[in-house]
1. Per DSSP H run of at least 4 residues, take -39500 (n - 2.57); add these up for the protein assembly as shown, divide by its residues and hand me the 222 nm value, nearest 500 deg cm²/dmol.
2. Taking the inverse of the average 1/r across all pairs of different Cα atoms in the stretch A:113-155, what Kirkwood radius in Å do you get?
3. Compute, for chain A, the length of the dipole vector about the Cα centre, with Cβ point charges of +1 (Lys, Arg) and -1 (Asp, Glu) only. Units Debye, rounded to 20.
4. Calculate, for residue B:103 and residue B:46, the FRET efficiency according to 1/(1 + (r/R0)^6) with r their C-beta to C-beta distance and R0 51 Å; round to the nearest 0.05.
5. Rounded to the nearest 0.05, what FRET efficiency is calculated for residue B:268 and residue A:141 with R0 set to 45 Å and r the Cβ-Cβ distance?
6. So how far apart, in nm, are the two label points at residue B:250 and residue B:367 if each is 7 Å from Cα heading toward Cβ?
7. On a 0 to 90° scale, report how tilted helix B:104-113 is relative to the longest principal axis of chain B, with both axes built from alpha carbons and the result rounded to the nearest 10.
8. Whole-Hz Karplus ³J(HN,Hα) for the stretch B:393-410, in order, using 6.51 cos²θ - 1.76 cosθ + 1.60 and θ = phi - 60°, x for Gly and Pro?
Amino acid sequence: MPLYHAGRTALLVLPVLLSLWQSPSAYASEVRESVLTNGLKVLLIEVPKAPVVTVQVWYKVGSRNEVMGRAGLSHMLEHMMFKGTAKYPKGTFSRTIRKNGGNDNAFTSQDFTAYFENLAGDRVELALELEADRMQGLLLDEKEFQLEREVVKEERRLRSEDDPQSFLIESLFAQAFLIHPYHWPVIGWFPDLNAMTLEDLQRHYDLYYSPNNATLVIVGDIKAEALLPTIKRLFEPIPKGPSPPLQPIEEPAQRGERRIIVKREAQVPFVMAGYRVPNYTSEDSYPLTILESILSQGKSSRLYRSLVYEQKTALAVGAEYSLLQADPDLFYCFALVKPGQKVQEVEQALYRELEQLHTTPPTEQELQRAKNQVEASYVFGQDSNFRQAMLLGQAESVGAGWRHVEQFLARIRSVTAEEVQRVARRYFIEDARTVGILIPIPPRSEPAALSEAR
Amino acid sequence: MLEMRGRGRRPEQRRRGSSHLVISLFLTATLLSSVRAAQAADINPVRFVTPNGMTVLVLEQHWLPIVQVHALIKAGAAQDPPEEAGLANLVASLLDEGTTTRTAKQLAEQIEFVGGTLTTKAEEDFTTASTLVLKKDTELGFELLADILLHPTFPEQEVKRVRSQILGEMQSEKDDPGLVATKAFHQLVFDGHPYRWPVNGTEETVPKITQADIQNFFSHEYLPNQTILAIVGDIPVEQARALVAKQFGSWKRGTPPSRTVAKPAQIDKPVVRLIEKDLTQATIVLGHLGISRTNPDFYAVSVMNHILGAGGFSSRLMDSIRDRQGLVYGVGSHFEPNLMPGAFMVNLQTRNETANQAISGVLTELKSIRETPVTDQELADAKAYLIGSFPLRLDTTAKLAQVLSLVELYGLGLDYFSQYLRWIEKVTKEDVLRVAKQYLHPNRYALVVVGALAKAKVQP
């Protein structure tokens with residue numbers, strides 16, 4: 001797949017993934033777990049419906065494992081992972097997958113780095129061979145690194161620098177997390193990218209790329225019994241690596257609202273409000289998931305109905321919450337302000353929707369709709385091998401474990417309206433809020449659009 | 001290779017209106033490659049035509065308890081009157097905003113209460129309306145989909161609201177340099193042709209569209225005999241047949257308006273448009289008129305374009321401009337396979353200062369593939385990918401429904417699934433060279449650059 005577009009697509013995958021994070025036993029495919037002697041965890045699901053398979057290798061390393069001054073190191077290493085080994089030199093990895101009719105790529109988040117190949121079921125061994133080879137065989141070359149650094153800087157320009165909303169989101173997280181590594185963006189800052197060295201990459205690779213820090217997930221047209229010996233043959237010779245340090249960095253409690261204003265050339269204002277919330281380790285994560293649905297799922301959701309449909313002050317609204325984070329993160333709401341409307345009014349309207357839940361629980365109908373949406377999207381998600389594998393890989397990588405998935409839906413079904421109200425009162429409070437506002441300023445010069453024939 | 005974060009979802013509206021780009025991606029992703037897999041996956045839909053002229057394709061898939069019903073109406077933005085660009089899109093956007101028996105609110109609540117989805121979308125050549133539901137809600141899905149296709153009322157207050165929403169989105173789209181560049185590019189390439197305007201119209205045309213225009217377009221264009229219905233999922237053919245008859249049986253056949261649109265013309269010299277924006281990167285689109293989906297050279301062009309710039313990491317453009325020069329994060333080339341010839345375009349972003357270097361890199365590759373035959377290895381790899389990746393194009397219910405409806409629209413025939421392999425395999429090095437010479441024009445292209453022009457100093 002063209003990378004540029006793959007990137008855009010994957011950013012949109014997450015919300016789906018989030019709703020996938022539920023598993024009614026009625027439809028769940030059986031997960032077969034094995035742990036190799038070197039600590040590599042292997043999760044296999046047989047899905048014979050189409051002759052295709054997804055192979056994913058998940059490493060428990062992301063921007064949360066970086067240090068100040070080297071933001072973006074995990075993502076840079078992800079790029080370098082395509083630069084070749086002694087056995088498969090530069091360029092051969094993707095070319096080999098491609099000429100076997102497959103697609104390959106990778107993605108990095110705060111908590112993990114994952115590599116994948118989607119291809120025909122009868123080519124699964126090829127992907128395994130290539131992934132096993134680069135787990136510890138990567139050759140880091142100075143010249144390749146210099147070139148790839150420029151590619152990553154272009155990626156940063158594309159995704160963050162030149163996109164007003166992404167730029168605001170980046171600034172908001174830097175405000176909301178002062179100490180915790182969620183402070184910096186996954187892609188890193190320019191000075192950090194410039195300061196990075198080949199030695200930094202080598203150290204990161206040596207520390208985190210080992211079988212005992214990885215999960216191999218395969219979903220598709222496979223026979224688990226038959227495949228496991230192949231997996232052992234290819235991966236078991238890889239020696240166990242060091243135990244990566246635990247990084248129990250706790251962000252102190254927030255004592256008062258924080259606000260970040262970004263003024264730049266843009267067409268319409270954008271408002272965000274992020275609230276500090278717990279992750280999967282807390283029982284509150286289930287009502288928070290329901291809250292996300294009630295607020296933002298579909299045209300009958302509260303934010304859409306109120307801001308877009310009735311007040312007509314927003315072009316788009318949304319709420320984001322992922323309980324599959326290694327550390328507590330933000331629950332955030334946003335609104336893209338309609339041209340001609342006042343940003344302050346839209347901000348206040350967002351708060352009104354959240355605070356209404358302080359005093360009044362959701363209706364039974366609303367609660368049931370949210371539960372049905374969560375359950376249906378889980379079933380819809382099973383239609384895709386890739387999404388199924390992502391769900392397991394992410395659950396493992398953030399520390400929840402794939403079995404956590406299995407009890408999720410039962411827990412969602414038991415959420416009560418009172419719990420939703422209690423959680424809204426507990427977390428949607430002004431003093432724990434970080435607000436981000438994008439204020440458009442006019443272009444420095446009038447757009448000089450000129451056409452000419454040559 | 002991308003950065004992903006557990007946050008950073010863009011507002012949904014970004015996806016609407018980016019019509020040209022989305023179409024090209026979708027079609028390259030679905031129709032370029034097909035076959036060995038199709039056979040392996042046993043894709044044998046049942047096809048029938050209802051008494052009122054609707055073509056129905058049913059594909060039973062019992063793996064999961066879900067059903068997708070996907071309607072394709074053969075009327076899109078290409079049918080907009082020139083002074084009403086955006087009409088087809090406005091009609092599509094209003095289908096689920098009120099019917100004779102349900103308000104906008106009721107429609108949303110009914111489908112969302114069961115966790116289902118109901119979506120509509122106008123494209124250049126057609127409009128789609130789809131529902132995805134759990135098996136237990138199959139009847140409801142059919143009922144709601146039929147309701148919005150047969151009985152929309154286009155209430156005045158909803159027309160007003162949706163129109164102003166679309167205009168707002170159009171303004172917001174100006175923050176996306178990729179969209180700004182693609183829109184400008186289409187205006188240059190399709191001068192005087194309906195493909196020149198974005199599907200969602202322009203700030204001049206949309207305010208002029210009235211409820212009467214909408215109603216008129218709907219009653220003339222939305223006809224059962226202009227509709228393809230693809231049904232995929234956990235539903236027996238007989239049940240599908242019965243539900244089609246029950247929900248769509250009363251839809252009245254009609255005479256479709258005649259289509260008089262001429263084929264778009266080639267531009268005859270290089271045309272450049274530079275758009276100033278205070279950005280760190282220059283967004284560049286370079287290309288010209290391409291081919292229609294029904295052109296017999298489609299398969300040779302697919303192989304050629306794969307080698308040139310559609311083959312991801314292994315394409316020539318990626319290898320040269322990203323991997324050897326480090327100028328871009330992504331670069332790719334696309335042919336939009338519409339009913340009439342769509343655009344051929346190369347897209348990339350690079351820092352302003354390297355814009356000229358990147359443009360010259362693109363032109364070098366366009367010239368090179370026209371002058372020298374591709375290698376045996378390149379040809380073999382491209383064909384192996386196009387054939388071998390077919391199952392990946394059809395691995396979900398939604399993808400199957402979309403591809404089935406397009407195979408029907410383009411008249412490819414249901415044996416398309418077995419023919420495609422042969423057409424790709426037949427392509428020779430000489431064919432690749434011939435179509436490169438015939439369909440790539442490095443001397444008469446449209447070039448759009450959006451960025452900080454003082455830094456980019458574009459010297460085309």
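Every number in this text was worked out from the coordinates using simple rules, so none of it is lab data. Computed from a predicted model, the values in this text were never measured in an experiment. Virtual Cβ from ideal backbone geometry, glycine too; neighbours counted across all protein chains shown.
1. On the way: 32 runs with 369 residues, N = 914.
The helix contribution divided over the protein assembly as shown gives -12500 deg cm²/dmol.
2. Details: mean 1/r = 0.0789 Å⁻¹.
Taking the inverse mean of 1/r over all distinct Cα pairs, the stretch A:113-155 comes out at 12.7 Å.
3. My answer is approximately 460 debye.
4. For residue B:103 and residue B:46, the calculated efficiency is 0.90.
5. FRET efficiency, residue B:268 to residue A:141: 0.45.
6. A separation of 6.6 nm, rounded to one decimal place.
7. For helix B:104-113, the angle is close to 90 degrees.
8. Using θ = phi - 60°, the values come out as 7, 10, 9, 9, 4, 5, 4, 4, 4, 5, 5, 4, 5, 6, 4, 5, 4, 7 Hz.
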